[in-house]
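Please read the structure below before turning to the comments.
Values quoted throughout were computed directly from the atomic coordinates according to the rules given, and no laboratory measurement underlies them. Predicted, not measured: the structure shown is a model, and the values here were computed from it. Ideal geometry is used to build each Cβ from the backbone, glycine not excepted, and the neighbour counts take in all protein chains shown.
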């Protein structure tokens, strides 16, 4: 097999691997809010119905349909949520199914402890869903009078201590959550990789990454504070489009895309959008399809030799879309307005730290691959690692965009 064919085979294999594992923004997560006073501790556990179906994993085939989802969730919480005081379990009331918004499940929980919680702290442990999803996150808020505290519970840290000491937000927990969210988002990583391929040199790259940071910080803040309400399906599809577009731009600058190929891509997108809209199977509006076509038209009209401010502007524009995607991890859990600041600050710091780490790793990986390839070939074929990576990102972006654009 020639080296060129080998590069193509590796790129195709990696694309298929990423496509099958690309579950960005779908991390399993749940939320609970608690109030405590005297001997009484009450709470509400909330999770979206799709994620709650994980609880059927250990139900015998054929019998799952006989158990309503809310009943199965209540049963699971009765087994996995515990409150203890001085090592002794608090009395638990049977969980109750509460009214919930469409697509959500809400369960009421209550405990009565032997002594006043103000005098003797209580440890609340929530092991719900961790055995079904090792990376499950549980976002907890607890209030006592006018004070509140927040925690991110994980399989490694499933408990919180409720006491009258001054509450503190789990800033480190939210930082960790933000970093993990970026690291588990293949489409975010792919977009950063495409930007690195598009923009040569550290100084232009710094401006480009800064543009991306500014863009996603704006929409992350606006979405989490309720100023905007982006449509999740549109956001996910446009994130895929951003990967494809940045990769197409990089390919065009490397003369890997002819003008005819660019025209064919724009025509294919127009045809797909028209067909999906006509059959009422489009997850995107007609205006969104038009915006995508106009951006693709820019590839045909602009001079591929002039980079200018393309990188920072492109990164900032698509950063607005990615920020709405980042917000999805926090919007699902609907934090009270007075608790948003530590959540938002910590999560955004985590996103930035994760992003910086990924950029450094990708840069080191790319430089190493180029050096090794050039050392082995000692000819112009040394550009093949970049060419293969560009092709991989084009295919991955198209796959994400098309699969998410179909309702």
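Numbers at a glance
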| read-out | value |
| --- | --- |
| Taking the C-alpha atoms of the range 29-170, convex hull volume expressed per residue in Å³ | 113 |
| Stretch gain in nm, segment residue 133-residue 118, where the contour uses 0.36 nm per residue and the Cα spacing is subtracted | 2.0 nm |
| Fewest-first sequence of 120, 76 by Cβ atoms within 10 Å of each Cβ | 120, 76 |
| Average Cα contact separation per residue, the range 29-170, under 8 Å, 6 or more apart, as relative contact order % | 29 |
| Sequence of 34, 301 once ranked by neighbouring C-beta atoms within 10 Å, starting from the fewest | 301, 34 |
| Bins of 5 Å from zero: percent of alpha-carbon pairs in the range 105-186 | 3, 12, 21, 23, 19, 12, 7, 3, 1, 0 |
| Three principal axis lengths of the range 152-258 [C-alpha, angstrom, descending] | 67, 31, 25 |
| Proxy reagent accessibility, fewest Cβ within 10 Å first, across 91, 187, 48 | 91, 48, 187 |
